[in-house]
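See below for the structure under consideration.
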Amino acid sequence: MKRTASILNRRTAARLHLRLVGGFALVLAVSAGQSFFAYRTAIENSAAGESVTRGEQILGVVAKVRSDLLHIEAGYSGFLLAGNDTFLDSYTAGALAYGTDLAALRELSMGNANEEARWQDLEWRGAASQRDVTKPTIAGGTVVPSRIGLARSTRWSGSLARLRSPS
């Protein structure tokens with residue numbers, strides 16, 4: 001009987017030992033799973049942060065492109081209205097910065113076909129506008145109201161005359 005009690009104690013101890021090992025294994029597995037998910041979340045947060053930073057950079061460059069277009073428009077409009085070549089400095093500076101900023105947008109948008117197509121379209125429109133409208137007018141030299149089609153309206157002719165006459 002003594003032997004039977006010893007075997008029962010060993011079986012009970014073995015079950016307890018297996019339970020303890022199983023419990024530690026379960027805790028270890030849960031901890032490893034939690035660490036894995038924490039690691040994945042950190043990687044996803046890092047990627048999201050990089051995406052936000054890239055988006056902010058793109059928005060900053062888009063604001064510069066808009067400013068460049070406003071400089072181009074202001075210089076060209078000043079040249080058309082006043083006929084003075086000094087306004088072309090603003091136009092030239094804006095045109096140079098426009099090209100540089102569009103190149104920066106294309107670089108920031110690498111890998112995103114939709115954005116690349118958007119900036120390519122903007123570049124083509126700007127080049128077509130300069131080629132077909134702006135540069136021929138500037139190359140023509142002196143601007144007269146009839147050349148830009150405003151002399152047909154007496155209201156515009158009067159406005160141009162007021163703008164050109166020294167006050």
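None of the figures in this text is laboratory data; all of them are computed from the coordinates on show. As the structure is a computational prediction, the values presented were derived from the model and not from experiment. Glycine also receives a Cβ, built like all others from the backbone with ideal geometry; neighbour counts cover every protein chain displayed.
Residues considered: L96, L105. Of these, the only one that is at negative phi and either over 15 Å from the mean Cα position of the chain (by Cα) or polar (S, T, N, Q) (or both) is L96.
Can you pull out every residue in segment 59-78 that is surrounded by 17 or more Cβ atoms within 10 Å (Cβ to Cβ) and of a type in the set (D, E)? Matches in segment 59-78: D68 only. When segment 48-72 is filtered for residues that are more than 12 Å from L108 (Cα to Cα) and small (G, A, S), the ones remaining, listed by number, are A48, G49, A63, S67.
Counting only residues that are of a type outside the set (K, R) and more than 30 Å from T137 (Cβ to Cβ), segment 29-78 holds 30 of them. Looking at E107, E56, E115, which is the one that is surrounded by 15 or more Cβ atoms within 10 Å (Cβ to Cβ), of a type outside the set (A, V, I, L, M, F, W, C) and more than 20 Å from K135 (Cα to Cα)? One residue alone meets the criteria, E115.
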